[in-house]
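Participant: Sharing a structure below in structure tokens format, with a few things to ask.
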Amino acid sequence: MSMTRQEMDHAALDAAVEQARKSLAEGGIPIGAALMNAEGVIVALGHNERVQSGDPTAHAETVCIRSAGRRRDWHTLTMATTLSPCAMCSGTAVLHRIPRIVIGENMTFQGREDWLTAEGIEVVVMHDLRCTSMMEDFINARPELWNEDIGVPPKG
């Protein structure tokens, strides 16, 4: 029995949440991403590795796309991410013509969903409480690290 689109979206987000938890356990920022094909198979995973690697571009979505490698089927994939994607990650999705983005939550951070929708990308916001609470807890515990991740200059 095949999964519905909604079941596939939940499965992809579950995989992204596991990636976010992995990043947190490594001392990093708890954001995760997964790429899923039209059959519901996860083809790539990634989590924010900016702290772990020292690479300021190693956001979850970018790491996930890198781990997917060279492909010709981007236009058939769905990306799930635990947090609304920033301009860089939205641009990567636009560049690769990924047609659907499933977002765990966009309350703690509002990325460039406007750009995604302007490019014809279907944006599905799940309002997933696991994602929201993980980010709220992290932002409260490590505000300076969060501000560094999203490019907010230090105060003073």
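Participant: Between T117 and L145, how many nm apart are label points set 7 Å from Cα along the C-beta direction?
Facilitator: That separation, rounded to one decimal, is 3.3 nm.
Participant: Determine the sum of side-chain charges near I98: Lys and Arg each +1, Asp and Glu each -1, restricted to other residues whose C-beta is under 11 angstrom from that of I98.
Facilitator: Result for the local shell: -1.
Participant: Roughly what % antiparallel, to the nearest 5, for the DSSP beta bridges in the chain?
Facilitator: 50
Participant: Could you look at region 81-145 and say what percent of its accessible area is carbon and sulfur, using a 1.4 Å probe and all protein chains?
Facilitator: 56
Participant: Same structure again: Lys and Arg at +1, Asp and Glu at -1: add these up for the other residues within a Cβ distance under 12 Å of T76 and post the number.
Facilitator: Around T76, the charge tally is +2.
Participant: Before anything else, pin down the relative contact order of the chain: Cα pairs under 8 Å, at least 6 apart, normalised by residue count, whole percent.
Facilitator: Reported relative contact order: 18 percent.
Participant: Suppose all protein chains stay in the model; what accessible area per residue would a 1.4 Å probe give for region 45-156, in Å²?
Facilitator: 51
Participant: Mean-square fluctuation check for the chain, GNM, Cα pairs under 10 Å: which of L95, L45, L24 is largest?
Facilitator: Evaluated over the chain, the most mobile residue of the options is L95.
Participant: Kirkwood Rh and Cα-based Rg: tell me the resulting Rg over Rh for the chain, rounded to two decimals.
Facilitator: 0.95
Participant: Within 14 Å, Cβ to Cβ, of E144, how many net charges do the neighbouring residues add up to if Lys/Arg are +1 and Asp/Glu are -1?
Facilitator: Summing Lys/Arg as +1 and Asp/Glu as -1 gives +1.
Participant: Hey, another quick one. Specify the angular offset, from 0 to 90 degrees and rounded to the nearest 10, of the alpha carbon long axis of helix 5-25 from the longest principal axis of the alpha carbons in the chain.
Facilitator: 30
Participant: Sticking with this one: From the helices alone, meaning DSSP H stretches of at least four residues, give me the mean residue ellipticity at 222 nm for the chain, per-run term -39500 (n - 2.57), in deg cm²/dmol to the nearest 500.
Facilitator: The helix-only estimate for the chain comes to -13000 deg cm²/dmol at 222 nm.
Participant: In whole angstrom, note down how far apart the Cα centers of region 82-119 and region 1-24 are.
Facilitator: Each part reduced to its Cα centre gives a spacing of 17 Å.
Participant: Please give the solvent-accessible surface of T132 in Å², to the nearest 10, using a probe radius of 1.4 Å with every protein chain present.
Facilitator: 20
Participant: Would you kindly derive the ³J(HN,Hα) couplings of region 55-69 from the backbone phi angles with the Karplus curve 6.51 cos²θ - 1.76 cosθ + 1.60 (θ = phi - 60°), listing them in order in whole Hz, with x for Gly and Pro?
Facilitator: Values, residue by residue: 9, x, 9, 7, 6, 4, 5, 5, 4, 4, 5, 4, 6, 6, x Hz.
Participant: Based on Cβ point charges of +1 for Lys and Arg and -1 for Asp and Glu, what charge dipole magnitude is obtained for the chain about its Cα centre, in debye rounded to the nearest 20?
Facilitator: Approximately 400 debye in magnitude.
Participant: How far is helix 129-141 tilted off the main Cα axis of the chain, in degrees rounded to 10, range 0 to 90?
Facilitator: 20
Participant: Collect residues whose amide H, placed 1.01 Å from N in the peptide plane, falls under 5 Å from the amide H of L83; neighbours closer than 5 in sequence don't count.
Facilitator: The list, which skips near neighbours in sequence, is G32, G104, E105.
Participant: Keeping the other protein chains in place, figure out the carbon and sulfur percent of the accessible area of region 1-52, with a 1.4 Å probe.
Facilitator: 54
The values are calculated or read from the model by the stated rules, or taken from the named source; none is laboratory data. All of these numbers come straight from a predicted model, not from anything done at the bench. Using ideal geometry, Cβ is built from the backbone for each residue, glycine included, and neighbour counts are taken over all protein chains shown. Areas reflect the complete protein model, heavy atoms only, side chains present, ligands, DNA and RNA absent. Shrake-Rupley method; radii C 1.70, N 1.55, O 1.52, S 1.80 Å.
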